[in-house]
1. Cα atoms only: what Rg and Dmax, in Å, come out for the stretch 271-370?
2. Cross-link partners among aspartates and glutamates for Lys340, C-alpha distance below 13 Å, same-chain residues fewer than 8 apart left out?
3. Please compute the net charge surrounding Leu253, taking Lys and Arg as +1 and Asp and Glu as -1 over other residues with Cβ under 10 Å from its Cβ.
4. Can you pull the one-decimal nm distance between simple spin-label points at Thr327 and Lys295, each 7 Å off the Cα toward Cβ?
5. By counting other Cβ atoms within 10 Å of each Cβ, how are Thr325, Thr310 ranked from fewest to most?
6. Lys213: which lysines have alpha carbons under 21 Å from its alpha carbon, excluding same-chain residues fewer than 8 sequence positions away?
7. Want the number for Glu53 to Asn434: 0.36 nm per residue separation, take away the alpha-carbon distance, what's left?
8. Tell me, in nm to one decimal, what length is gained between His16 and Asn458 on full extension, where the rule is 0.36 nm per residue of separation less the Cα-Cα distance?
Amino acid sequence: MALWIQAQQLQGDALHQMQALYGQHFPIEVRHYFAQWIESQPWDAIDLEKQQEEFKAKRLLDSLIQELQRKAEHQMGEDGFLLKIKLSHYASQLKSTYDPCPMELVRCIKHILYTEQRLVQEASNVSTSGGGLMDGTPQKYQQINQVFEELRVMTQDTENDLRKLQHSQEYFIIHPACCCREASLQSRKATLEAWLTREANTLQEYRQDLAEKQQRTLALLRKQQTVIVDDELIQWKRRQQLAGNGGPSEGSLDILQSWCEKLADMIWQNRQQIRRVEHLTQQLPIPGPTEELLKDLNATVTDIISALVTSTFIIEKQPPQVLKTQTKFATTVRLLVGGKLNVHMNPPQVKATIINEQQAKALLKNESTRNDSSGEILNNNCVMEYHQATGTLSAHFRNMSLKRIKRSDRRGAESVTEEKFTVLFESQFSVGGNELVFHVKTLSLPVVVIVHGSQDNNATATVLWDNAFSEPVSTDIGLLHIGQGIWTIVMSPKHV
């Protein structure tokens, strides 16, 4: 059965997710009327990282526009008049949007087809084939989605409580002012003081209850984040490493990105709620344990968002693990929560540096490396680009080249093809209007540097062995600047 026919049978949230794929960048009417043509084209045969394949994308764009124009011309009669106008408009719209960058059309349609296929498979309780997106099952997806629904309800509950607290506090502030206008204030002084004491205690109880609810929400958020980041994302990274040995493809990051974006959204909502409660307590200080609890909540939510941002700065396409000097190579770095946190509004720059094994270990232990490098990479700076159609924020290094390498002193019988390096990617960006400034780093899989082809076999053997048997190590490092303070985050040793 054609994918589009199955996609139209989706229901509930899955249907909404499918509909959200379409918009001005690619109208759903085009998908509907040209479903067979779209699904029969070789979108996957085009490598988005290879600029020389742009002519293939241009050919597909031109063909799609011709299909639209042809169908528009064949619309007859009163019923076909509106469709004729629409199709002609869509042909012009797609041409103006994608003619300057036809590869973006390929990226957009690949994302649409992949997401539709995933939604259909999830709805049918069928595991993803072809190497799988991750080692999970539809049951695991369901569990993760159930926790997200629970978090949504909890966050909405605390939002309602926060509004109730705000309303009660405003009444508490206004009511005595109204009473002051009454001539009989002196005779009611005792009654007013009793009322103030009672209401102050009630407000304190509201604050305490709200803080405890937020504490439970953050605990569940942290637990959900552990499942997604420390389990699912790490499994994806491990599959990426094994794919370098000829294993199945690691699969798309789209599901992981959707989960990470939901996490970012939930965390940020809760952070804003905590900030609003802090504002209310500053507006009307009432001595009690809530102040300390709020400080703990603020620190906790900042820690959670920091860990998420740091761990979702990943290498989507690894550099070659056997790296020859003076040879061009490509790699892609992606920030999974970049779109959701609006990082793309001020696109950050990513810098790549090659470092040796000792420098990498020192970096992971948070020991200063004095910004040392073990070589010089040409074209090692790249600005992250936001792709609206897919919601991805990534940096595509297309023309990097290792100009020179600085080797360490080798001992014993160790050869140059046994010495391992890694490419360090780092970037800095702000979140929430410069409220939080992150300096994030991530390391590539180990690479062996060669200078001529005769070293290739021995270098490949080193890489294959390392991919198969190396111990998992952390690759995500981040510094978070809050005001004058600096927090250092090094992810758990589960990271590959």
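The numbers here are math on the coordinates, done by the rules we state, and not lab data. None of these values were measured; they are calculated from a predicted model. Cβ sites come from the backbone with ideal geometry, for glycine too, and all protein chains shown count toward neighbours.
1. 20.7, 67
2. By straight Cα distance, Lys340 reaches Glu261, Asp265.
3. Details: positive: Arg334; negative: Glu250, Asp254, Glu316.
So the environment of Leu253 carries a net charge of -2.
4. It works out to 5.7 nm between the two label points.
5. Working: Thr325 15, Thr310 22.
Placing the least packed residue first, the sequence is Thr325, Thr310.
6. Correct list for Lys213: Lys164, Lys223, Lys262, Lys295.
7. Contour length minus the Cα-Cα distance gives 133.3 nm.
8. Values: separation 442, 0.36 × 442 = 159.12 nm, distance 5.19 nm.
Extending this stretch completely gives an extra 153.9 nm.
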